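Read through the structure below, which is laid out as structure tokens, and then see the notes.
The values are calculated or read from the model by the stated rules, or taken from the named source; none is laboratory data. Every value quoted in this text rests on a predicted model; they were computed, and no experiment measured them. We place every Cβ from the backbone using ideal geometry, glycine too, and count neighbours over all the protein chains shown.
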Amino acid sequence: MKKNALTTILVVGILAIGALWMIKGYNRMVTEQENVEQAWGQVETQYQRRMDLIPNLMATAKGLADKEQAILTAVVEARAKATQVTIDPTNITPNQLQAFEQAQSEVGSALSRLLVTIEKYPELNMDQGFLNLQAQLEGTENRIAVARHAFNECAQTYNTFIRKFPNNITAAIFGFERKPYFQSQQGADVAPKVEF
């Protein structure tokens, strides 16, 4: 009789330890997932900041010659396309992130072309409002880079945690899946050629 009671106590003890381990792992996964979602919110905030600056830039650039209107149109179209790409931070997939990155890359490209074109117009380059706006855009691009980096760090911490044994068991049971990372832009590994 004592042997059965001892065996029962031992089994219950092992199950209790296993349950506590699983609860602790689950709670940490939830925390790490929330960190990823919060970091994604910061990424979206910085991209939204850039989107909010575009109408001001467009208003400033209205004085561009007719031949430059194609560039203005490209900026407006890229902005419109980018605002249509939304991601649910609780279920970010690599394909969704790639579509988001592509849309944002098109905005960045169009803005770069516009800013290069504006350099041809000295009256705009001397306008204090335009210079302030240009500085805000540059600062926003830096903020975007920082937010993307922070997102990748949070995603890495989360992904590493859910893939380690024995956490991978809890992750599989409760459906915690890996989060994708922001990737560098294609061609970012090639230094630009500078000629004097």
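Okay, here's what the table says:
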{"item": "Those residues of the range 134-145 which are in contact (Cβ under 8 Å) with a residue 12 or more places away in the chain and either surrounded by fewer than 18 Cβ atoms within 10 Å (Cβ to Cβ) or within 20 Å of the chain's Cα centre (by Cα) (or both), in sequence order", "result": "Q136, L137, T140, E141, R143, I144"}
{"item": "Which listed residue, of A39, A82, A19, is out of contact with any Leu (no Cβ under 6 Å at 6 or more places or on another chain) and over 29 Å from A171 (Cα atoms)", "result": "A82"}
{"item": "Unmet requirement for T86, which otherwise passes all of (1) in a helix (DSSP H, G or I); (2) modelled with pLDDT under 85", "result": "(1)"}
{"item": "The range 104-121 residues that are closer than 13 Å to A80 by Cα, paired with ones that are surrounded by fewer than 19 Cβ atoms within 10 Å (Cβ to Cβ) (beta carbon under 6 Å, 6 or more apart)", "result": "A110/A74"}
{"item": "Selection within the range 78-97 - buried (at least 17 other Cβ atoms within 10 Å of the Cβ), in contact (Cβ under 8 Å) with a residue 40 or more places away in the chain and either basic (K, R) or touching a helix residue (DSSP H, G or I) at 6+ places or on another chain (Cβ under 8 Å) (or both)", "result": "P89, I92"}
{"item": "Test set (1) closer than 30 Å to V36 by Cβ; (2) at pLDDT below 85 - L64 fails condition number", "result": "(1)"}
{"item": "Search result, residues across the range 156-182 that are within 14 Å of R28 (Cα to Cα), part of a helix (DSSP H, G or I) and over 19 Å from the mean Cα position of the chain (by Cα)", "result": "F161, I162, R163, N167, N168, I169, T170, A171, F174"}
